[in-house]
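The values are calculated or read from the model by the stated rules, or taken from the named source; none is laboratory data. Just so it is clear, the model here is predicted, and its values are computed rather than measured. As a convention, Cβ positions derive from the backbone with ideal geometry for all residues, glycine included, and neighbour counts pool all protein chains shown.
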Amino acid sequence: MTDQPREHWDRVYTDKAPSEVSWFQSEPRPSLAALARFDVPHTTPFVDIGGGASNLVDALLANGWSDVSVVDIAASALAAAQVRLGEAASSVQWVVADITRWNPPRRYGVWHDRAVFHFLTEPEQQAAYRRALLAGTAPDALVIIATFAPDGPEKCSGLPVQRHDAASLSAALGSEFALLDDWREEHLTPWGAAQKFSWCVFQRASN
């Protein structure tokens with residue numbers, strides 16, 4: 001693999017403000033609702049994969065989450081989030097990494113991904129993601145992943161995507177992850193276009 005994806009996403013966040021990208025949410029309500037649905041303790045180690053300049057980290061800190069990491073391929077995206085958070089940014093672990101190359105240094109109790117998996121269109125990319133997922137999740141960890149739904153966009157930010165439902169995402173993650181719940185979301189872009197998402201929550205096996 002080359003560094004072309006890194007260059008692409010750095011350019012996206014250099015050319016556009018965080019509020020100008022299609023996936024922008026002023027409030028990350030679906031993610032927070034998923035956490036509330038499963039009553040996750042706020043001391044649980046949490047990692048946001050592809051978190052970029054998302055407002056989710058702000059909401060987590062405001063709600064008392066104490067162990068938050070954000071991983072993104074684009075340093076420019078993480079820099080935008082750090083500037084926005086100000087002094088509070090020092091309480092977050094920021095990691096610039098391509099998920100298909102990342103070796104997690106620890107295991108997390110919540111793995112959250114609203115941005116990355118549907119961009120992995122090749123089997124070897126999905127296998128690399130799964131290796132990182134296995135290395136980076138503790139027994140019984142929750143894995144919350146949102147992807148474009150089967151009737152969602154075929155491209156995003158000029159790149160092709162692979163759309164998923166609960167069955168295809170379950171197959172990609174493997175038998176170590178049991179599906180707990182799934183639902184659909186209609187996300188409205190900043191310019192009012194509707195995008196269909198599939199949300200899935202899995203639990204890693206206890207051993």
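Taken over the stretch 118-129, the criterion of being in a loop (DSSP other than H, G, I, E, B) and without any contact (Cβ under 8 Å) to a residue 40 or more places away in the chain is satisfied by E122 alone. In the stretch 130-207, counting only strands (runs of 3 or more DSSP E) that sit wholly within it, the ones holding 2 or more residues that are farther than 19 Å from V71 by Cα and among the charged types (D, E, K, R) span 177-188, 194-204. In the stretch 36-56, of all residues being hydroxyl-bearing (S, T, Y) and within 19 Å of S90 (Cβ to Cβ), the one that is surrounded by the most Cβ atoms within 10 Å (Cβ to Cβ) corresponds to S54.
For the stretch 83-117, the set of residues classified as surrounded by 15 or more Cβ atoms within 10 Å (Cβ to Cβ) and in a strand (DSSP E or B) consists of V92, W94, V95, V96, Y108, G109, V110, W111, H112, D113, listed by residue number. Of all residue pairs spaced 6 or more apart or on separate chains, those with beta-carbon atoms under 8 Å, a first member in the stretch 79-103 that is of a type in the set (S, T, Y) and modelled with pLDDT of 95 or more and a second member that is assigned to a strand (DSSP E or B) and buried (at least 17 other Cβ atoms within 10 Å of the Cβ) are S91/V68.
Comparison of A59, A33 shows that the only residue that is modelled with pLDDT of 90 or more, over 14 Å from the mean Cα position of the chain (by Cα) and surrounded by 17 or more Cβ atoms within 10 Å (Cβ to Cβ) is A59.
Please find, within the stretch 134-157, the residue that is farthest from the chain's Cα centre (by Cα) out of those that are of a type outside the set (V, I, T) and under 14 Å from V201 (Cα atoms). Going through the qualifying residues, I end up with D140.
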